[in-house]
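Presented below is the structure to which this report refers.
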């Protein structure tokens, strides 16, 4: 087996033993359970005259709440990716573990790529698993499913992979805390820029639209 895949496998095994991953899985199950209960309550809502809400209104409310939950999941994934990737390289350099590893016939690029592949696999699996579980819970509770669920899951996974890549890149030059904070702040700035661009589109304000476009291109 090539050294890159060996390091990727070891990275997955090491990450699986951390309490962060276990806590993330438990919290995800709790959130999915509560959200399924909440979405199920939407179907029991009634109008002023006591009649139940029509299916189109239930779908509208569900779609808006699902956007909020999707943002929450993407935020948790981005935060976890930044926290894990930030000290990944710099922490092992400071502890001397990476120096002992590089004493063997292993290239530095193979170590970095292998660690990235391992964590990227975890990010993709979590995004696909948690997203599918949430969409399944929503479909079970309300019968609503987004128009493009696969594209939605791919977008959430790509967001986590971008934060992971940025965090690892910064970790090769900066300390772990600094790299994680910079990656997370960059993600927040990109999100705020998207909100500003959407506001500019709604107000037909070209200046705000340009701010959103430029910020997206930079971040």
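General remarks:
- Here 140, 116 are placed in order of increasing Cβ neighbour count within 10 Å, fewest first, which gives 140, 116.
- Globularity index of segment 157-219, i.e. its alpha-carbon radius of gyration over 2.2 N^0.38 Å: 1.31
- Dividing the summed helix terms, -39500 (n - 2.57) for each DSSP H run of n ≥ 4, by the number of residues in the chain produces a 222 nm estimate of -28500 deg cm²/dmol to the nearest 500.
- Site pair residue 145 and residue 47 shows an inter-label distance of 2.9 nm when each label is modelled 7 Å from Cα along Cα→Cβ.
- For segment 124-189, diffusion coefficient by Stokes-Einstein and Kirkwood Rh (Cα), 4 °C, 1.567 mPa s, µm²/s: 96
- In degrees, nearest ten, helix 55-85 long axis to first principal axis of the chain (Cα): 10
- Comparing 200, 160, 143 in a Gaussian network model of the chain where C-alpha atoms under 10 Å apart are linked, the largest mean-square fluctuation is found at 200.
- Take the Cβ atoms of residue 14 and residue 205, set R0 to 35 Å, and the FRET efficiency comes out at 0.10.
- Within the listed set 16, 80, 165, the Gaussian network model of the chain (springs between alpha-carbon atoms below 10 Å) gives the highest mean-square fluctuation for 16.
- Between the helical axis of 206-218 and the longest alpha-carbon principal axis of the chain there is an angle of about 30 degrees.
- Inter-label distance, residue 177 to residue 67: 3.8 nm, where each label sits 7 Å from its Cα along the C-beta direction.
- Choice from 177, 26, 199 showing the highest fluctuation, given a GNM over the chain with Cα pairs closer than 10 Å: 199
- Spatial extent of segment 53-93: Rg and Dmax, with the Cα atoms as the point set, Å: 17.9, 60
- Cα-based helix-to-principal-axis angle, 176-203 vs the chain, degrees rounded to 10: 30
- The chain: equivalent-ellipsoid semi-axes (sqrt of 5 x gyration tensor eigenvalues, Cα, Å): 39, 23, 13
Throughout, read-outs are computed from the coordinates displayed, never taken from laboratory work. Bear in mind the structure is a predicted one, so any value in this text is a computation, not a measurement. Because the Cβ atoms are built from the backbone with ideal geometry, glycine has one as well, and the counts that use them run over all protein chains shown.
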